[in-house]
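Remarks on the structure that follows.
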Amino acid sequence: MNWLLLASIPLIILGFAVRLNPFLVVTFVGIYAGIVAKFDFVKIVSDIGQSFVNNRYVAIIWLILPLLAVLERKGLKEQAKNLISKIKTASTGKILIAYFIFRQVTAALGLLSLGGHAQMIRPLIAPMAEAAAKLKFKNLTHKDNQKIKAHSAATDNVAVFFGEDIFIAVHSILFIKAFYETSGIIVEPIHLSLWAIPSGILALIIHCSRLYLLDRKLEKTYRGK
């Protein structure tokens, strides 16, 4: 029976590999594992349903996607580009540095939902960063345009990664505390949060320096062209 249970892992990998619906794959494998473990079928289905109900808030993020699609169709990206075109001193690096600071500060306060790739980067920040570059460099190449998008996504990732641990009640702090306790090390969440501040400051300095260098590189590449 143990070998049959272990078969659940390759079944999940196979399902993902052939690009089946992930929800159906996980549900099917969960039912399979329950049957192999000789659980009552009604209990298996009941437990799966109960787990879905208990964690239904995870699916809330999907509700914002139709809204973003409608806003984009109505010209959200174009409005963001128009806004940046009116600010003559704007540059790709300055926009991303401003967003990095905003994202890291709000993450440190526990406001993790005030950003993200789907909510902010794709519809607003990346188009604004691109518009700032195209306003200054008329012949911006596709490669550099893609690089700006990559830097926009990285800005959100780095800012929230090194900012969220400063907030004492974030899940990562609680996970670290639980991990230490399994090794007999008792540490208070407030201490973990305080020691996350130097890392956050270094992340701010290093990443903003990279964004500054991005501006310099674009200037050097396209100056006079």
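By definition, a body whose alpha carbon gyration tensor gives a ≥ b ≥ c is prolate when a/c is 1.5 or more and a/b is larger than b/c, and the chain fits this prolate description.
Ordering Lys143, Lys43, Lys149 by the number of other Cβ atoms within 10 Å of each residue's own Cβ, fewest first, gives Lys143, Lys43, Lys149.
Cross-linked pairs Lys86/Lys220; Lys149/Lys217; Lys81/Lys136; Lys77/Lys220; Lys77/Lys217; Lys86/Lys143: Cα-Cα separations exceed 22 Å for Lys86/Lys220; Lys77/Lys220; Lys77/Lys217; Lys86/Lys143.
The dipole here belongs to the chain: it is taken about the Cα centre, uses +1 on the Cβ of Lys and Arg and -1 on the Cβ of Asp and Glu, and is about 1560 debye.
Of the residues Thr141, Thr27, the one with the fewest other Cβ atoms within 10 Å heads the list, and the complete ranking is Thr141, Thr27. Here the Karplus curve 6.51 cos²θ - 1.76 cosθ + 1.60, taken at θ = phi - 60°, turns the phi angles of the range 130-142 into couplings of 5, 4, 4, 6, 5, 5, 8, 10, 5, 9, 4, 6, 4 Hz, with x standing for Gly and Pro.
Only helices enter this figure: runs of n ≥ 4 DSSP H residues, each worth -39500 (n - 2.57), summed and divided by the residues of the chain, yield -23000 deg cm²/dmol at 222 nm to the nearest 500.
With the cut-off at 1.5 for a/c, could you classify the range 2-54 from its C-alpha gyration tensor as rounded, prolate or oblate? Oblate.
Values in this text are rule-based calculations from the coordinates and carry no lab data. Everything quoted here is computed from the prediction, not taken from an experiment. All Cβ positions, even for glycine, are placed from backbone atoms using ideal geometry, and neighbour counts span all protein chains on display.
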